[in-house]
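The values are calculated or read from the model by the stated rules, or taken from the named source; none is laboratory data. Just so it is clear, the structure is predicted and the values come from calculations on it, not from any experiment. For neighbour counting, all protein chains shown are included, and Cβ atoms are generated from backbone atoms with ideal geometry for every residue, glycine included.
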Amino acid sequence: MTKTAAVIGAGPAGLSAAEVLAEAGLDVTLYERMASPARKLLMAGRGGLNLTHSENWSSFVARFGARSERLKPFLEAFGPQNVRDWSAELGEETFVGSSGRVFPKSFKASPLLRAWLRRLDSAGVKFLSRHDFRGFGGRAALFETPEGPKRVEADVFVLALGGASWPRLGADGSWVAPLAAAGLSSSPLRPANCGLLVAWSPYFREKFEGQPLKNITLRFGDFSARGECVVTRRGLEGGAVYALSGAVREGLRAKGAEILIDLRPDMTETELARKLARPREKQSFSNFLRKTAHLGPAAIALLREFEPPPDETSLLAARIKALPLRVAGVSGLERAISTAGGVMWEALDEKLMAKNIPGLFVAGEMLDWEAPTGGYLLTACFALGRAAGAAAADFAKGDQPVSS
(Lines give C-alpha, C1' and ligand atoms only; values in the text may rest on other atoms or scores of the structure.)
Protein backbone atom coordinates (compact mmCIF):
# COMPACT_ATOMS: atom_id res chain seq x y z
CA MET A 1 0.00 0.00 0.00
CA THR A 2 1.14 3.58 -0.67
CA LYS A 3 2.58 5.24 2.41
CA THR A 4 1.11 8.54 3.54
CA ALA A 5 2.89 11.71 4.63
CA ALA A 6 1.48 14.79 6.33
CA VAL A 7 3.55 17.95 5.92
CA ILE A 8 2.42 20.68 8.28
CA GLY A 9 3.36 24.20 7.23
CA ALA A 10 3.51 25.43 3.63
CA GLY A 11 6.53 27.72 3.72
CA PRO A 12 9.83 27.02 1.90
CA ALA A 13 10.81 24.13 4.23
CA GLY A 14 7.38 22.48 4.07
CA LEU A 15 7.08 22.81 0.31
CA SER A 16 10.60 21.38 -0.06
CA ALA A 17 9.73 18.39 2.15
CA ALA A 18 6.50 17.78 0.22
CA GLU A 19 8.39 17.84 -3.08
CA VAL A 20 10.91 15.22 -1.95
CA LEU A 21 8.25 13.01 -0.36
CA ALA A 22 6.15 13.06 -3.52
CA GLU A 23 9.20 12.23 -5.66
CA ALA A 24 9.75 9.22 -3.38
CA GLY A 25 6.25 7.94 -4.20
CA LEU A 26 4.40 8.79 -0.99
CA ASP A 27 0.85 10.10 -0.84
CA VAL A 28 1.49 13.64 0.44
CA THR A 29 -0.93 16.12 2.00
CA LEU A 30 0.25 19.60 2.85
CA TYR A 31 -1.55 21.38 5.72
CA GLU A 32 -1.40 25.17 6.16
CA ARG A 33 -3.10 27.43 8.72
CA MET A 34 -3.42 30.35 6.27
CA ALA A 35 -5.61 30.52 3.16
CA SER A 36 -2.63 30.29 0.81
CA PRO A 37 0.95 28.98 1.01
CA ALA A 38 4.30 30.71 1.46
CA ARG A 39 3.05 34.16 2.39
CA LYS A 40 6.31 35.19 4.00
CA LEU A 41 8.22 34.08 0.91
CA LEU A 42 6.00 36.32 -1.20
CA MET A 43 6.61 39.25 1.12
CA ALA A 44 10.37 38.66 0.95
CA GLY A 45 10.12 38.82 -2.83
CA ARG A 46 8.68 42.31 -2.88
CA GLY A 47 12.14 43.81 -2.84
CA GLY A 48 13.68 41.10 -5.00
CA LEU A 49 13.77 37.48 -3.85
CA ASN A 50 17.23 36.77 -2.43
CA LEU A 51 17.42 32.99 -2.85
CA THR A 52 21.01 32.30 -1.84
CA HIS A 53 24.54 33.72 -1.89
CA SER A 54 27.50 33.19 -4.21
CA GLU A 55 30.36 33.58 -1.71
CA ASN A 56 32.88 30.77 -1.19
CA TRP A 57 31.72 27.66 0.65
CA SER A 58 33.64 28.10 3.91
CA SER A 59 32.43 31.69 4.30
CA PHE A 60 28.87 30.65 3.47
CA VAL A 61 28.79 27.95 6.13
CA ALA A 62 30.40 30.22 8.71
CA ARG A 63 27.44 32.61 8.42
CA PHE A 64 25.40 30.21 10.52
CA GLY A 65 27.56 30.88 13.56
CA ALA A 66 27.18 28.48 16.45
CA ARG A 67 25.02 26.15 14.33
CA SER A 68 27.41 25.95 11.37
CA GLU A 69 28.52 22.39 12.10
CA ARG A 70 24.94 21.25 12.72
CA LEU A 71 23.76 22.66 9.42
CA LYS A 72 26.81 21.81 7.33
CA PRO A 73 25.72 18.28 6.27
CA PHE A 74 22.33 19.55 5.12
CA LEU A 75 23.88 22.46 3.22
CA GLU A 76 26.39 20.11 1.60
CA ALA A 77 23.47 18.04 0.31
CA PHE A 78 21.55 21.07 -0.98
CA GLY A 79 23.60 24.22 -1.08
CA PRO A 80 23.73 27.47 -3.06
CA GLN A 81 24.37 25.91 -6.48
CA ASN A 82 21.63 23.34 -5.89
CA VAL A 83 19.22 26.19 -5.15
CA ARG A 84 20.16 27.90 -8.40
CA ASP A 85 19.80 24.69 -10.42
CA TRP A 86 16.45 23.94 -8.82
CA SER A 87 15.19 27.45 -9.56
CA ALA A 88 16.29 27.11 -13.19
CA GLU A 89 14.41 23.80 -13.47
CA LEU A 90 11.28 25.69 -12.45
CA GLY A 91 11.90 28.18 -15.26
CA GLU A 92 13.45 30.89 -13.10
CA GLU A 93 17.07 31.49 -14.08
CA THR A 94 19.14 33.33 -11.49
CA PHE A 95 21.84 35.99 -11.49
CA VAL A 96 24.46 37.21 -9.02
CA GLY A 97 24.03 40.80 -7.85
CA SER A 98 26.84 43.23 -7.09
CA SER A 99 26.79 42.20 -3.42
CA GLY A 100 27.16 38.50 -4.26
CA ARG A 101 23.52 37.78 -3.48
CA VAL A 102 21.61 35.55 -5.87
CA PHE A 103 18.20 36.51 -7.29
CA PRO A 104 15.77 35.15 -9.89
CA LYS A 105 16.05 37.13 -13.12
CA SER A 106 12.40 38.08 -12.72
CA PHE A 107 13.42 39.59 -9.35
CA LYS A 108 10.11 38.31 -7.95
CA ALA A 109 8.88 35.47 -5.74
CA SER A 110 5.47 34.93 -7.34
CA PRO A 111 6.61 33.34 -10.66
CA LEU A 112 8.85 30.89 -8.82
CA LEU A 113 6.14 30.01 -6.30
CA ARG A 114 3.53 29.47 -9.02
CA ALA A 115 5.86 27.12 -10.90
CA TRP A 116 6.71 25.28 -7.69
CA LEU A 117 3.05 24.78 -6.77
CA ARG A 118 2.32 23.50 -10.28
CA ARG A 119 5.10 20.95 -9.88
CA LEU A 120 3.72 19.81 -6.53
CA ASP A 121 0.21 19.57 -7.94
CA SER A 122 1.48 17.49 -10.88
CA ALA A 123 3.21 15.19 -8.38
CA GLY A 124 -0.10 14.61 -6.60
CA VAL A 125 0.51 16.73 -3.49
CA LYS A 126 -2.79 17.78 -1.94
CA PHE A 127 -3.06 21.17 -0.25
CA LEU A 128 -5.44 21.83 2.63
CA SER A 129 -5.66 25.40 3.93
CA ARG A 130 -7.15 26.78 7.15
CA HIS A 131 -5.73 23.89 9.16
CA ASP A 132 -4.34 25.30 12.41
CA PHE A 133 -1.99 22.81 14.08
CA ARG A 134 -2.83 22.20 17.73
CA GLY A 135 -0.55 19.33 18.67
CA PHE A 136 -0.19 15.55 18.69
CA GLY A 137 -2.40 12.99 20.36
CA GLY A 138 -2.28 9.24 19.99
CA ARG A 139 0.10 9.27 17.01
CA ALA A 140 -2.05 11.74 15.10
CA ALA A 141 -1.83 15.45 14.30
CA LEU A 142 -4.61 17.58 15.71
CA PHE A 143 -5.96 20.60 13.84
CA GLU A 144 -8.57 23.27 14.30
CA THR A 145 -10.39 23.94 11.02
CA PRO A 146 -13.41 26.03 9.93
CA GLU A 147 -15.42 22.80 10.18
CA GLY A 148 -14.19 22.09 13.69
CA PRO A 149 -11.45 19.91 15.25
CA LYS A 150 -9.77 17.41 12.95
CA ARG A 151 -7.52 14.44 13.63
CA VAL A 152 -5.06 13.33 10.93
CA GLU A 153 -3.16 10.06 10.88
CA ALA A 154 -0.24 9.34 8.55
CA ASP A 155 2.76 7.05 8.28
CA VAL A 156 5.13 10.02 8.69
CA PHE A 157 4.83 13.68 9.64
CA VAL A 158 7.07 16.62 8.77
CA LEU A 159 6.63 19.76 10.85
CA ALA A 160 7.71 22.95 9.10
CA LEU A 161 5.75 25.51 11.10
CA GLY A 162 8.18 28.40 10.83
CA GLY A 163 9.40 30.71 13.56
CA ALA A 164 7.42 33.53 15.13
CA SER A 165 8.43 36.62 13.17
CA TRP A 166 5.80 38.53 11.17
CA PRO A 167 3.01 36.41 12.75
CA ARG A 168 0.32 37.97 10.56
CA LEU A 169 1.82 36.00 7.68
CA GLY A 170 1.18 32.69 9.39
CA ALA A 171 4.01 31.57 11.66
CA ASP A 172 3.41 32.73 15.22
CA GLY A 173 5.24 30.18 17.38
CA SER A 174 1.97 28.76 18.74
CA TRP A 175 3.42 25.28 18.20
CA VAL A 176 5.85 25.64 21.13
CA ALA A 177 3.41 24.66 23.90
CA PRO A 178 1.75 21.68 22.16
CA LEU A 179 5.12 20.25 21.14
CA ALA A 180 6.43 20.69 24.68
CA ALA A 181 3.37 18.76 25.90
CA ALA A 182 4.35 15.99 23.48
CA GLY A 183 7.87 15.95 24.92
CA LEU A 184 9.57 18.02 22.22
CA SER A 185 11.03 21.07 23.96
CA SER A 186 12.27 24.33 22.47
CA SER A 187 14.61 27.13 23.45
CA PRO A 188 12.92 30.55 23.72
CA LEU A 189 11.95 32.18 20.43
CA ARG A 190 13.72 35.52 19.97
CA PRO A 191 13.84 38.14 17.20
CA ALA A 192 16.67 37.86 14.69
CA ASN A 193 17.61 40.18 11.80
CA CYS A 194 15.69 42.92 13.55
CA GLY A 195 15.88 46.65 14.19
CA LEU A 196 17.61 48.31 17.13
CA LEU A 197 15.68 50.53 19.53
CA VAL A 198 17.16 53.94 20.33
CA ALA A 199 15.62 56.69 22.49
CA TRP A 200 15.79 59.57 20.00
CA SER A 201 15.01 63.12 21.00
CA PRO A 202 11.66 64.40 19.65
CA TYR A 203 13.51 66.76 17.29
CA PHE A 204 15.73 64.07 15.78
CA ARG A 205 12.83 61.61 15.46
CA GLU A 206 10.51 64.06 13.72
CA LYS A 207 13.19 65.60 11.51
CA PHE A 208 15.06 62.50 10.38
CA GLU A 209 12.62 59.59 10.45
CA GLY A 210 13.02 57.71 7.17
CA GLN A 211 16.43 59.27 6.39
CA PRO A 212 19.29 56.93 5.45
CA LEU A 213 22.74 56.60 6.95
CA LYS A 214 24.72 55.42 3.94
CA ASN A 215 28.10 53.70 3.72
CA ILE A 216 28.64 53.22 7.43
CA THR A 217 30.14 50.51 9.61
CA LEU A 218 28.49 49.39 12.86
CA ARG A 219 30.53 47.72 15.58
CA PHE A 220 29.61 45.86 18.71
CA GLY A 221 32.38 44.05 20.55
CA ASP A 222 34.11 41.75 18.07
CA PHE A 223 31.26 42.05 15.57
CA SER A 224 31.03 44.56 12.75
CA ALA A 225 28.80 45.11 9.74
CA ARG A 226 29.14 47.51 6.85
CA GLY A 227 26.32 48.86 4.73
CA GLU A 228 23.53 51.30 5.36
CA CYS A 229 20.55 51.75 7.61
CA VAL A 230 17.50 53.95 8.01
CA VAL A 231 16.40 56.09 10.95
CA THR A 232 12.99 55.03 12.24
CA ARG A 233 10.78 56.47 14.95
CA ARG A 234 12.00 53.80 17.34
CA GLY A 235 15.63 53.42 16.30
CA LEU A 236 17.47 51.99 13.31
CA GLU A 237 16.58 49.44 10.62
CA GLY A 238 18.43 48.11 7.60
CA GLY A 239 20.98 45.61 6.38
CA ALA A 240 23.92 46.68 8.54
CA VAL A 241 21.68 46.76 11.61
CA TYR A 242 20.21 43.31 10.93
CA ALA A 243 23.68 41.81 10.55
CA LEU A 244 24.61 43.05 14.02
CA SER A 245 21.27 42.53 15.76
CA GLY A 246 21.89 38.98 16.99
CA ALA A 247 25.07 39.97 18.82
CA VAL A 248 23.39 43.08 20.23
CA ARG A 249 20.36 41.04 21.35
CA GLU A 250 22.58 38.68 23.33
CA GLY A 251 24.59 41.62 24.70
CA LEU A 252 21.43 43.23 25.97
CA ARG A 253 20.56 40.06 27.84
CA ALA A 254 23.93 40.17 29.56
CA LYS A 255 24.67 43.79 30.42
CA GLY A 256 23.18 46.27 27.96
CA ALA A 257 24.59 47.40 24.68
CA GLU A 258 26.40 50.34 23.15
CA ILE A 259 27.28 50.20 19.47
CA LEU A 260 29.86 52.30 17.66
CA ILE A 261 29.09 53.90 14.29
CA ASP A 262 31.87 54.68 11.85
CA LEU A 263 30.34 57.38 9.65
CA ARG A 264 33.31 57.40 7.24
CA PRO A 265 34.69 53.86 7.00
CA ASP A 266 36.60 54.59 3.77
CA MET A 267 38.78 57.20 5.49
CA THR A 268 41.30 56.73 8.29
CA GLU A 269 41.03 58.82 11.42
CA THR A 270 44.30 60.58 10.51
CA GLU A 271 43.05 61.49 7.02
CA LEU A 272 39.78 62.72 8.45
CA ALA A 273 41.52 64.85 11.08
CA ARG A 274 43.66 66.41 8.35
CA LYS A 275 40.56 67.43 6.39
CA LEU A 276 38.82 68.75 9.50
CA ALA A 277 41.85 70.91 10.29
CA ARG A 278 41.06 73.20 7.36
CA PRO A 279 39.80 76.67 8.30
CA ARG A 280 36.04 76.76 8.68
CA GLU A 281 35.87 80.48 7.93
CA LYS A 282 32.22 81.60 7.79
CA GLN A 283 30.71 78.20 7.11
CA SER A 284 28.20 76.73 9.53
CA PHE A 285 29.28 73.60 11.37
CA SER A 286 26.88 71.51 9.26
CA ASN A 287 28.11 72.89 5.95
CA PHE A 288 31.70 72.45 7.05
CA LEU A 289 31.12 68.75 7.86
CA ARG A 290 29.15 68.26 4.66
CA LYS A 291 31.97 69.65 2.50
CA THR A 292 35.03 68.33 4.33
CA ALA A 293 33.84 64.97 5.73
CA HIS A 294 31.08 64.41 3.15
CA LEU A 295 28.50 63.62 5.81
CA GLY A 296 24.78 63.67 5.11
CA PRO A 297 22.20 65.60 7.17
CA ALA A 298 21.20 62.61 9.30
CA ALA A 299 24.81 61.74 10.08
CA ILE A 300 25.57 65.33 11.09
CA ALA A 301 22.49 65.47 13.30
CA LEU A 302 23.46 62.15 14.87
CA LEU A 303 26.79 63.65 15.94
CA ARG A 304 24.83 66.25 17.88
CA GLU A 305 22.01 64.04 19.14
CA PHE A 306 23.22 63.01 22.58
CA GLU A 307 26.02 65.45 23.35
CA PRO A 308 27.70 68.40 21.61
CA PRO A 309 30.45 67.36 19.18
CA PRO A 310 33.97 68.26 20.32
CA ASP A 311 35.65 71.35 18.87
CA GLU A 312 39.16 69.90 18.86
CA THR A 313 39.93 68.43 15.42
CA SER A 314 41.39 65.08 16.50
CA LEU A 315 38.55 64.44 18.94
CA LEU A 316 35.94 65.28 16.29
CA ALA A 317 37.60 62.88 13.86
CA ALA A 318 37.60 60.18 16.51
CA ARG A 319 33.90 60.80 17.20
CA ILE A 320 33.02 60.51 13.49
CA LYS A 321 34.97 57.25 13.28
CA ALA A 322 33.47 55.76 16.46
CA LEU A 323 30.24 57.48 17.42
CA PRO A 324 28.81 55.74 20.51
CA LEU A 325 25.09 54.96 20.43
CA ARG A 326 23.22 53.46 23.38
CA VAL A 327 20.78 50.73 22.34
CA ALA A 328 17.68 50.32 24.50
CA GLY A 329 16.55 47.03 22.97
CA VAL A 330 15.75 45.17 19.74
CA SER A 331 12.52 45.19 17.77
CA GLY A 332 9.99 42.53 18.67
CA LEU A 333 9.12 39.37 16.77
CA GLU A 334 6.24 41.11 15.03
CA ARG A 335 8.76 43.15 13.00
CA ALA A 336 11.78 40.82 12.91
CA ILE A 337 12.79 39.23 9.63
CA SER A 338 13.49 35.86 11.24
CA THR A 339 13.51 33.96 14.52
CA ALA A 340 16.26 32.65 16.77
CA GLY A 341 15.59 29.72 19.07
CA GLY A 342 13.25 26.81 18.45
CA VAL A 343 13.14 23.03 18.68
CA MET A 344 16.34 21.84 20.33
CA TRP A 345 18.71 19.82 18.20
CA GLU A 346 19.31 17.45 21.10
CA ALA A 347 15.69 16.31 20.81
CA LEU A 348 16.29 15.10 17.22
CA ASP A 349 18.46 12.47 15.64
CA GLU A 350 20.86 13.19 12.79
CA LYS A 351 17.99 12.72 10.30
CA LEU A 352 15.84 15.41 11.97
CA MET A 353 13.47 12.88 13.52
CA ALA A 354 12.17 13.42 17.05
CA LYS A 355 13.85 10.88 19.31
CA ASN A 356 10.71 10.37 21.39
CA ILE A 357 8.21 10.33 18.49
CA PRO A 358 9.36 7.97 15.70
CA GLY A 359 8.07 9.10 12.33
CA LEU A 360 7.89 12.79 13.27
CA PHE A 361 10.44 15.03 11.55
CA VAL A 362 11.14 18.74 12.08
CA ALA A 363 12.51 21.20 9.51
CA GLY A 364 13.09 24.84 8.71
CA GLU A 365 13.06 27.94 10.85
CA MET A 366 11.32 26.25 13.78
CA LEU A 367 14.64 24.59 14.61
CA ASP A 368 17.12 26.33 16.90
CA TRP A 369 19.38 28.23 14.48
CA GLU A 370 19.70 31.66 12.95
CA ALA A 371 21.52 33.31 10.07
CA PRO A 372 21.92 36.79 8.61
CA THR A 373 20.00 38.03 5.61
CA GLY A 374 21.65 37.50 2.24
CA GLY A 375 20.08 34.23 1.06
CA TYR A 376 21.35 32.14 3.97
CA LEU A 377 17.95 31.80 5.65
CA LEU A 378 16.17 30.55 2.54
CA THR A 379 18.96 28.19 1.50
CA ALA A 380 18.95 26.52 4.92
CA CYS A 381 15.15 26.23 4.92
CA PHE A 382 15.24 24.56 1.50
CA ALA A 383 18.03 22.23 2.64
CA LEU A 384 16.41 21.26 5.94
CA GLY A 385 13.03 20.71 4.31
CA ARG A 386 14.48 18.43 1.67
CA ALA A 387 16.53 16.52 4.25
CA ALA A 388 13.50 15.98 6.49
CA GLY A 389 11.42 14.90 3.51
CA ALA A 390 14.03 12.39 2.33
CA ALA A 391 14.48 10.95 5.81
CA ALA A 392 10.73 10.70 6.33
CA ALA A 393 10.37 8.87 3.01
CA ASP A 394 13.09 6.40 4.03
CA PHE A 395 11.44 5.88 7.40
CA ALA A 396 8.02 5.25 5.85
CA LYS A 397 9.53 2.66 3.55
CA GLY A 398 11.37 0.99 6.41
CA ASP A 399 14.81 2.12 5.26
CA GLN A 400 15.60 4.15 8.38
CA PRO A 401 15.91 2.55 11.83
CA VAL A 402 13.92 3.88 14.77
CA SER A 403 16.05 6.13 16.99
CA SER A 404 16.45 5.16 20.59
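Given the criteria farther than 30 Å from LEU49 by Cα, at pLDDT 95 or above and either out of contact with any Pro (no Cβ under 9 Å at 6 or more places or on another chain) or crowded, with 17+ Cβ neighbours inside 10 Å (or both), does GLU346 qualify? Yes. Listed conditions (1) in contact with a Phe, Trp or Tyr (Cβ under 7 Å, 6 or more places away or on another chain); (2) part of a strand (DSSP E or B) are all met by PHE382, apart from (2). Can you confirm whether region 251-258 contains a residue that is at pLDDT below 95, crowded, with 20+ Cβ neighbours inside 10 Å and not polar (S, T, N, Q)? Checked against the condition, which is being at pLDDT below 95, crowded, with 20+ Cβ neighbours inside 10 Å and not polar (S, T, N, Q), region 251-258 yields at least one hit.
Residue count for region 89-148 under the criterion of being hydrophobic (A, V, I, L, M, F, W, C) and farther than 22 Å from ALA22 by Cβ: the result is 7. Close Cβ contacts (under 8 Å, 6 or more residues apart or on different chains) running from residues in region 36-52 that are closer than 13 Å to LEU112 by Cα to residues that are modelled with pLDDT under 90 and surrounded by fewer than 23 Cβ atoms within 10 Å (Cβ to Cβ) comprise ASN50/ALA44. Given the criteria of a type in the set (Gly, Ala, Ser) and within 23 Å of ARG151 (Cα to Cα), does ALA44 qualify? Criteria not met by ALA44. The listed residues are ARG326, ARG386, ARG335, and the only one of them that is surrounded by fewer than 20 Cβ atoms within 10 Å (Cβ to Cβ), under 28 Å from LEU184 (Cβ atoms) and either touching a residue at least 40 places away in the same chain (Cβ under 8 Å) or among the hydrophobic types (A, V, I, L, M, F, W, C) (or both) turns out to be ARG335. In region 199-243, of all residues being surrounded by 15 or more Cβ atoms within 10 Å (Cβ to Cβ) and in a loop (DSSP other than H, G, I, E, B), the one that is nearest to the chain's Cα centre (by Cα) corresponds to GLY238.
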